Amino acid sequence: MTTIGVISDTHGSLHQGAYEALADCDYIIHAGDICNPGISRELETLAPVYAVLGNNDYNEYGPHVGRFAKPVIEGVRFLVAHYPNDVRITPLGGKALEPGEPIPNICIHGHTHIPRLEYGADARPVDFILNPGSATLPRGGFQRTIAKIEIINTRVRSIRIETFSGELVMGIEPDPINA
C-alpha cells in the first residue's frame, strides 16, 4: 500500500503537527501557497514532494514547480493546481489538459482553505476532486487539516481529510473492485 499526503495553503509556516501527520507518507503533494522554499525542503525530508504554485507564490522553487503538476503514482493519475477552476474538467476539456491527454483519476486543488471531497456524479469525468483544506489558516469553521490517499494495486483504497491528530473530517473508502 502507498500513502500520499496532501497539504495546501501553508502560507510560509509548516506547523509541527502537519509535519508529524505526514511522516508516514510515501509521497507528498502540496497544492500551492507554499510561501517559503524551506517548507518544500522540510517536506522532502519525509518523502518525495510534488508541488504547484499558488497565488502567493513566486518562481522561487525552481523549474519543477509550476502552475500544474501531473504525477502518476502507483498507476493513479493526478492533476494538481492551486485554483479549483484549474482542475475542473468539462466535455470541452480543461485548462491543464492537452488534447488527447488521459483524464486524471484524482484532481487536487487548494486556495479556498475549506476541505472538500467530491466523487461520483459530482466529480465526473474524474473519480475524485480533493481540497485538503488549509494547514495554517482554515476557514468555514474547520480545523487545520491535511489529506491522505491510500493506493493499493493501482486503485484508490481510501481518501481521508483529517486534522493533524488524525481525527476524520471527511473521507471515503470506495469498493476497490468498482473504484
Cβ-Cβ below 8 Å, separation at least six or inter-chain, first residue in the stretch 30-44 and of a type in the set (Val, Ile, Thr) and at pLDDT 95 or above, second surrounded by 24 or more Cβ atoms within 10 Å (Cβ to Cβ) and not in a loop (DSSP other than H, G, I, E, B): which pairs? Ile34/Ala51; Ile39/His30
Of the residues Ile73, Ile4, which single one is touching a Lys or Arg at 6+ places or on another chain (Cβ under 9 Å) and either closer than 14 Å to Ser134 by Cα or in contact (Cβ under 8 Å) with a residue 40 or more places away in the chain (or both)? Ile4
Please work out which residue is surrounded by the fewest Cβ atoms within 10 Å (Cβ to Cβ), limiting yourself to the stretch 95-116 and to residues that are under 19 Å from Ala21 (Cα atoms) and among the hydrophobic types (A, V, I, L, M, F, W, C). Ile114
Count of residues meeting criterion [of a type outside the set (D, E, K, R) and either over 12 Å from Ala135 (Cβ atoms) or free of Cβ contacts under 8 Å to residues at least 40 places away in the same chain (or both)] in the stretch 13-29: 7
Given the criterion within 16 Å of Val169 (Cβ to Cβ) and of a type in the set (A, V, I, L, M, F, W, C), identify the matching residue among Ile106, Ile146, Ile151. Ile146
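One residue is enough: does the stretch 55-78 have a residue meeting the conditions touching a His at 6+ places or on another chain (Cβ under 6 Å) and not polar (S, T, N, Q)? Working first, answer last.
Of all residues in the stretch 55-78, those touching a His at 6+ places or on another chain (Cβ under 6 Å) come to none.
No, the stretch 55-78 contains no residue that is touching a His at 6+ places or on another chain (Cβ under 6 Å) and not polar (S, T, N, Q).
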Restricting attention to the stretch 43-82, which residues are at negative phi, surrounded by fewer than 15 Cβ atoms within 10 Å (Cβ to Cβ) and of a type outside the set (S, T, N, Q)? Glu44, Pro48, Tyr58, Glu60, Pro63, His64, Gly66, Val72
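The values are calculated or read from the model by the stated rules, or taken from the named source; none is laboratory data. Just so we're clear, the structure is a prediction, and the values are computed from it rather than from any experiment. Glycine also receives a Cβ, built like all others from the backbone with ideal geometry; neighbour counts cover every protein chain displayed.
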